[in-house]
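Read through the structure below, which is laid out as structure tokens, and then see the notes.
The values are calculated or read from the model by the stated rules, or taken from the named source; none is laboratory data. Keep in mind that this is a model prediction, so the values were computed, not measured. Virtual Cβ from ideal backbone geometry, glycine too; neighbours counted across all protein chains shown. Areas reflect the complete protein model, heavy atoms only, side chains present, ligands, DNA and RNA absent. Shrake-Rupley method; radii C 1.70, N 1.55, O 1.52, S 1.80 Å.
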Amino acid sequence: MSTATDQTQPNDGTELPDFPGTRSPRCPFDPPPVQAGWRRADGLTQVRLGNGHIAWAVTRYDDVKQLLGDPRLSADGHRYPQLMETQRHGQPQAFPRMDDPEHSRIRRTLTGEFTVKRVEAMRPHVRSLVNRFLEEMIAAGSPADLVRAYALPIPSLVISLLLGVPYDDHTFFQTRSATLMRKGTPQEERQAASGELFGYLLDLVKRKEREPGDDLISRLITERVVTGELTHHDVAMNSMVILHAGHETTANMIALGTLALLENPRQAARIRDTDDPKVVAGAVEELLRYLTIAQDMLVRVATEDIIVGDHLVREGEMLVSGLPSANRDVVFETADALDFDRDARGHVAFGHGVHQCLGQSLARVELQEALPALLRRLPDLRLAVPLEEVRFRHDMVVYGVHELPVAW
Amino acid sequence: MRVELDEPKCVAAGQCVVVAPEVFDQRDEDGVAVVLEEHPAAELLDSVREAVAVCPAAAIRLAEL
């Protein structure tokens, strides 16, 4: 406690380390080594974010869980514009950038669509899409880019069908989504991409109002808009969040997960050679922990002075959660190893607190289907280029690979 | 031991259903957790404790009777 005030000296950020830091080219699956240093040394460390803001980097597992569960931290982008990567005009706030009770009110209009039961009912459909894209990739011949042929189209099609977004428009929404996910995108370009995506979804909402189908957008209109719970703009914004989050994340877990399995053949064999869904489910949890692709998105602002360990975080200061670092903390034994014998449940790859990933059950089903099917159908699957030539997504909010050239 | 759910706190992440499906389910309309077994058998208590630990909203408690 005696050091608490020493940690909040005024600082213009020029001396501060950059967050998230640079990953080691030799260990592309590991968080930036500098974060392990912060985690061991001090827990909370002042850093400069990519957008220039100063924040406290939270890198320990216990601190991340405690802080993301603390209602004194705000995610409200209206109250704290520094939380917004894109300054949006004419669009309502997205629920991940709201606090309770309004956040919870909006979130609960969507949670019924993502229950364990609902996504389990989707499993046969996910499985048939997995097989379809697998056979199409094989028919086109080795080598292939696994991202374009397999990892991206599966979750993209699943989320399109769930929402009621025509998959024929996938090039349109995938490119806008990528623009918003790229860290260095200039503000003007961000606003354009966000405006185009929002306008597209608002048009779709109005079309679905005239001709409702069996999909999430139609249900939100017939069940929530008519009751006055949501506006058309709210439905378009919720759809944008789900569309955006629903394919980028899972796509990168499928591609990076495949690469991690190719680099760890003994672990890969465990998934390939089992018919026990529990073994597969456990392996997917460990891959989620080990890879933790949400590398740079979880920012909050303290709404009052908060003491964390030896540090005083003052009202109005920003915090950023290093989820990849937290999932390599000592609470997991030999945390830097990919180990399917481990019980990895309790990881924070989906975040923690009231904003924890809405679509996590769907992501689990997609990963549990896509990864084993690939290993079983193509037992000779291998990387088609040296590992050093793989382009990792250092420049994106969600980590992964831009392409994954594979052969079989 | 009694399972207590603070329903307004639940964020419908579904983690409790994954780790302790014998004890928890989710409401169809909004995914909010439902306790199926308020007094779970001894062999289920470990999974209930895990549900308490992984609940993102700290909405579950296992109370001593």
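Test A:HIS311 against the stated conditions and say whether it is of a type outside the set (A, V, I, L, M, F, W, C), open to solvent by 10 Å² or more (accessible area, probe 1.4 Å) and within 19 Å of A:ASP70 (Cβ to Cβ).
On the way: of a type outside the set (A, V, I, L, M, F, W, C): yes; open to solvent by 10 Å² or more (accessible area, probe 1.4 Å): no; within 19 Å of A:ASP70 (Cβ to Cβ): yes.
No: the conditions fail for A:HIS311.
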Sole exception among (1) at pLDDT below 95; (2) of a type outside the set (Gly, Ala, Ser); (3) open to solvent by 70 Å² or more (accessible area, probe 1.4 Å) for A:ARG272, by number
(1)
Say whether the condition of being under 20 Å from A:PRO33 (Cα atoms), at pLDDT 95 or above, β-branched (Val, Ile, Thr) and crowded, with 19+ Cβ neighbours inside 10 Å is met by at least one residue in region A:289-299.
yes
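Could you list, in sequence order, the residues of region A:38-95 that are among the hydrophobic types (A, V, I, L, M, F, W, C), closer than 17 Å to A:ASP296 by Cα and away from chain B (no Cβ under 14 Å)? Before the answer, list the steps.
Here is the first cut: in region A:38-95, the residues among the hydrophobic types (A, V, I, L, M, F, W, C) are A:38, A:41, A:44, A:47, A:49, A:54-58, A:64, A:67-68, A:73, A:75, A:83-84, A:94-95.
With closer than 17 Å to A:ASP296 by Cα added as a condition, the list becomes A:38, A:44, A:47, A:49, A:54-58, A:64, A:67-68, A:75, A:83-84.
The answer is A:TRP38, A:LEU44, A:VAL47, A:LEU49, A:ILE54, A:ALA55, A:TRP56, A:ALA57, A:VAL58, A:LEU83, A:MET84.
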Output the number of residues of region B:1-54 satisfying the condition of being under 22 Å from A:VAL279 (Cα atoms) and in contact (Cβ under 8 Å) with a residue 40 or more places away in the chain.
5
Within region B:1-55, of all residues that are on the phi < 0 side of the Ramachandran plot, touching a Ser or Thr at 6+ places or on another chain (Cβ under 6 Å) and within 9 Å of chain A (Cβ to nearest Cβ), the one modelled with the highest pLDDT is B:GLN26
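Do we find that A:VAL147 is buried (at least 22 other Cβ atoms within 10 Å of the Cβ), touching a Ser or Thr at 6+ places or on another chain (Cβ under 7 Å) and in a helix (DSSP H, G or I) in this structure?
Numbers: buried (at least 22 other Cβ atoms within 10 Å of the Cβ): yes; touching a Ser or Thr at 6+ places or on another chain (Cβ under 7 Å): no; in a helix (DSSP H, G or I): yes.
The answer is no for A:VAL147.
Name the single residue that is most open to solvent (accessible area, probe 1.4 Å) among those in region A:340-354 being closer than 22 Å to A:LEU323 by Cβ and more than 8 Å from chain B (Cβ to nearest Cβ). Give the steps one after another, and end with the answer.
At the first step, the residues of region A:340-354 found to be closer than 22 Å to A:LEU323 by Cβ are A:340, A:342-354.
Pick out the ones that are also more than 8 Å from chain B (Cβ to nearest Cβ) and you get A:340, A:342-344, A:347-349.
Working: A:PHE340: 22, A:ARG342: 33, A:ASP343: 88, A:ALA344: 2, A:HIS347: 13, A:VAL348: 1, A:ALA349: 17 Å².
By that ranking, first place goes to A:ASP343.
Out of the residues in region B:56-65 that are open to solvent by 30 Å² or more (accessible area, probe 1.4 Å) and away from chain A (no Cβ under 14 Å), state the one that is nearest to A:ARG219 (Cα to Cα). Before you say what the answer is, go through the steps one by one.
Taking region B:56-65 as the starting set, the residues that turn out to be open to solvent by 30 Å² or more (accessible area, probe 1.4 Å) are B:58, B:61-62, B:64-65.
Of the ones still in play, those that are also away from chain A (no Cβ under 14 Å) are B:61-62, B:64-65.
Numbers: B:ARG61: 34, B:LEU62: 36, B:GLU64: 42, B:LEU65: 43 Å.
Only one residue tops the list, namely B:ARG61.
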If A:SER128 satisfies every condition in (1) among the hydroxyl-bearing types (Ser, Thr, Tyr); (2) at the interface with another protein chain (Cβ under 8 Å from one of its Cβ atoms); (3) surrounded by fewer than 20 Cβ atoms within 10 Å (Cβ to Cβ) but one, which is the exception?
(2)
Report, by residue number, each residue of region A:150-168 that is open to solvent by 40 Å² or more (accessible area, probe 1.4 Å) and in contact (Cβ under 8 Å) with a residue 60 or more places away in the chain.
A:LEU152
A:VAL301 vs. criteria of a type in the set (A, V, I, L, M, F, W, C), in contact (Cβ under 8 Å) with a residue 40 or more places away in the chain and out of contact with any Leu (no Cβ under 9 Å at 6 or more places or on another chain)
no
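Going by what's in this entry, would A:ASP100 be described as closer than 24 Å to A:THR292 by Cα and either in contact with a Cys (Cβ under 6 Å, 6 or more places away or on another chain) or among the acidic types (Asp, Glu) (or both)? Don't jump to the end; show me each part of the working.
Working: closer than 24 Å to A:THR292 by Cα: no; either in contact with a Cys (Cβ under 6 Å, 6 or more places away or on another chain) or among the acidic types (Asp, Glu) (or both): yes.
Spelling it out, it is not the case that A:ASP100 is closer than 24 Å to A:THR292 by Cα and either in contact with a Cys (Cβ under 6 Å, 6 or more places away or on another chain) or among the acidic types (Asp, Glu) (or both).
Among the residues of region A:386-400, write down those that are in contact with an Asp or Glu (Cβ under 9 Å, 6 or more places away or on another chain) and either in a loop (DSSP other than H, G, I, E, B) or farther than 18 Å from A:THR292 by Cβ (or both). Step through it out loud before you land on a result.
Here is the first cut: in region A:386-400, the ones in contact with an Asp or Glu (Cβ under 9 Å, 6 or more places away or on another chain) are A:387, A:390-391, A:396-400.
Hits for region A:386-400 are A:LEU387, A:VAL390, A:ARG391, A:VAL397, A:TYR399, A:GLY400.
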Which pairs turn up if I take residues in region A:104-117 that are facing another protein chain (nearest Cβ under 7 Å) and surrounded by fewer than 21 Cβ atoms within 10 Å (Cβ to Cβ) and look for partners that are outside any helix (DSSP H, G or I) and of a type outside the set (A, V, I, L, M) with beta carbon separation below 7 Å, at least 6 apart in sequence or on another chain?
A:ARG108/B:ASP30; A:GLY112/B:ASP28; A:GLY112/B:GLU29; A:GLY112/B:ASP30; A:GLY112/B:GLY31; A:LYS117/B:GLN26
For region A:355-392, give me each residue that is crowded, with 20+ Cβ neighbours inside 10 Å and among the basic types (Lys, Arg).
A:ARG364
Within region A:132-150, is there a residue that is farther than 24 Å from A:MET253 by Cα, under 20 Å from the mean Cα position of the chain (by Cα) and modelled with pLDDT of 95 or more?
no
Residues of region A:169-210 classified as open to solvent by less than 40 Å² (accessible area, probe 1.4 Å), without any contact (Cβ under 8 Å) to a residue 24 or more places away in the chain, of a type in the set (Val, Ile, Thr) and assigned to a helix (DSSP H, G or I), total
1
Only residues that are open to solvent by less than 30 Å² (accessible area, probe 1.4 Å) and out of contact with any Phe, Trp or Tyr (no Cβ under 8 Å at 6 or more places or on another chain): list them for region A:43-57, please.
A:GLY43, A:TRP56
Hey, among A:ARG40, A:ARG88, which residue is at negative phi, open to solvent by 40 Å² or more (accessible area, probe 1.4 Å) and assigned to a helix (DSSP H, G or I)?
A:ARG40
Going by the conditions given, is A:ASP76 at pLDDT 95 or above, acidic (Asp, Glu) and within 28 Å of A:GLN191 (Cβ to Cβ)?
yes
